[in-house]
Amino acid sequence: MQYNFDEIIDRKHTNAMNTDGFRSYIFHAGPDMKFPYSDDEFIRMWVADMEFATPPEVCQAIKDRVDKRIFGYSQVFDPGYYEAFSGWCGKMYDWDFPKEQLVFSPGIIPALYELVGDLVAADEKVLITTPAYGFFKHAATYNNRTLVCSPLKNDNGWFSIDFADLEQKAADPKVKLIIWCNPHNPTGRMWTAEETARVGAIAEKYGLWLISDEIHCDLIRQGKKHIPTAKVMPDYPKLITCMAASKTFNLAGLMFSNIIVRDAAVRQQMAAHDKTIGLVNPLSLAATQAAYEQGGEWLKQLQAYLDGNFQFVADYLAANLPQAVFRIPESTYLAWLDVSLYFPETEDLPMFFANKAGVLLEGGDGMFVGNATGYVRLNLAMPRAIIAKGLQRICEAINQR
Ligand code: LCS
């Protein structure tokens, strides 16, 4: 079956964050905030969900579950879910894990919020690299834990780990946890086995918990292969792996994610918290299982389409915004774009592009914690025709400054 990623789908009246939530999320403003563009006119390249329809096989699985007509309290009892997910892990990453290590969370964010509180005491610290997905910082702030940041090194758009800096910070006896992003949002780096092993060795040397957030691990360029941190560190007991079908198959609103916890006491602690972990949404479960069982071909076609989008953006920027630094990332559907040469003074870039280009995007240190001045992040998971319009507006707004 050929899937159509060029279809433009109207998301109005679906309570989508993407269409209706940008004022509060990007601008920390209420519904009265005005722009020169109406909400309908914006090109939305911000929050990390997709403008593509969820695979029809997944929609059908939800419908089939609806046809059973009762939606009572649910947990994962049937072995079919584990078989589907571990089968996916085997097929995609040549990696597997024991069933008893798998727990569920409505999302990786809720899991991070809980785990930071569980694993890091009040006077202790959490270590991340920057730029970072903002919720890594929020998970520390929410729990009143101190955040320590190790900036990634940047060589003309190629990001790498500053191991000396990371180790120096990990050696602080108050640091207890590294939240690791593999592949990395926003730079799109896929860490090599060697890089992962070095990070793992640092965690091991200082006895740190290591949460490996691998939510983007299926959204990779064609021909790439994701290497789970757990595959590189097969025996490290303090490793926790987070994976989900939510980004891959555009199911984020269904709130279902896999957390693989090796330490039995931590699993018990998570289960003891409350009802956020343990009970699952039966529609989300049906959808996720179907995605892992039947979503492979759709994902292959999605990857080809996204690769085309990235090439389109690279070509367009080279021709129209030659001073922007951009490299097609190894993973994610997110373009991490350095426009600092066009903005010599620090500026609120999301505000600039919303007002001057009618494009909603994220960028800068405010949203990506640090090491992000002069950067914007463009979500490319949408029909190419929309991207073309967004890029044209972005380039015109910059060139007219
Ligand atoms: N972890 C990473 C690295 C993410 O990029 C995201 C979503 C999440 C966790 C969220 O997981 P959930 O709670 O949905 O399971 N990233 C987004 C982003 O960059 N913009 O909007 C969402």
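Here are some notes:
- Members of the stretch 329-345 that are among the polar types (S, T, N, Q) and either touching a residue at least 60 places away in the same chain (Cβ under 8 Å) or within 11 Å of the ligand (Cβ to nearest atom) (or both): SER331, THR332
- Condition broken by TYR333, with the remaining ones in (1) within 28 Å of ALA244 (Cα to Cα); (2) open to solvent by 30 Å² or more (accessible area, probe 1.4 Å); (3) among the hydroxyl-bearing types (Ser, Thr, Tyr) satisfied: (2)
- Residues of the stretch 50-81 that are open to solvent by less than 30 Å² (accessible area, probe 1.4 Å) and either within 15 Å of LEU254 (Cα to Cα) or assigned to a loop (DSSP other than H, G, I, E, B) (or both): MET50, GLU51, PHE52, THR54, PRO55, VAL58, ALA61, SER74.
- Residues satisfying the stated conditions in the stretch 247-264, i.e. open to solvent by less than 20 Å² (accessible area, probe 1.4 Å) and within 13 Å of the ligand (Cβ to nearest atom): THR248, PHE249, LEU251, PHE256, SER257, ASN258, ILE259
- Filter result for ALA314 (more than 30 Å from GLN60 (Cα to Cα) and open to solvent by 10 Å² or more (accessible area, probe 1.4 Å)): yes
- Meets criteria (assigned by TED's automatic domain parsing to the domain that holds ALA385, in a loop (DSSP other than H, G, I, E, B) and in contact (Cβ under 8 Å) with a residue 12 or more places away in the chain) for PRO31: no
- Residues (under 20 Å from ALA385 (Cβ atoms), within 16 Å of the ligand (Cβ to nearest atom) and either of a type in the set (A, V, I, L, M) or over 23 Å from the mean Cα position of the chain (by Cα) (or both)) located in the stretch 48-66: MET50
The values are calculated or read from the model by the stated rules, or taken from the named source; none is laboratory data. None of the values given here were measured: they were computed from a predicted structure. Positions of Cβ are generated from backbone atoms using ideal geometry, with glycine treated the same way; all protein chains shown enter the neighbour counts. Accessible surface areas use protein heavy atoms only, side chains included; no ligands, DNA or RNA. Shrake-Rupley method; radii C 1.70, N 1.55, O 1.52, S 1.80 Å.
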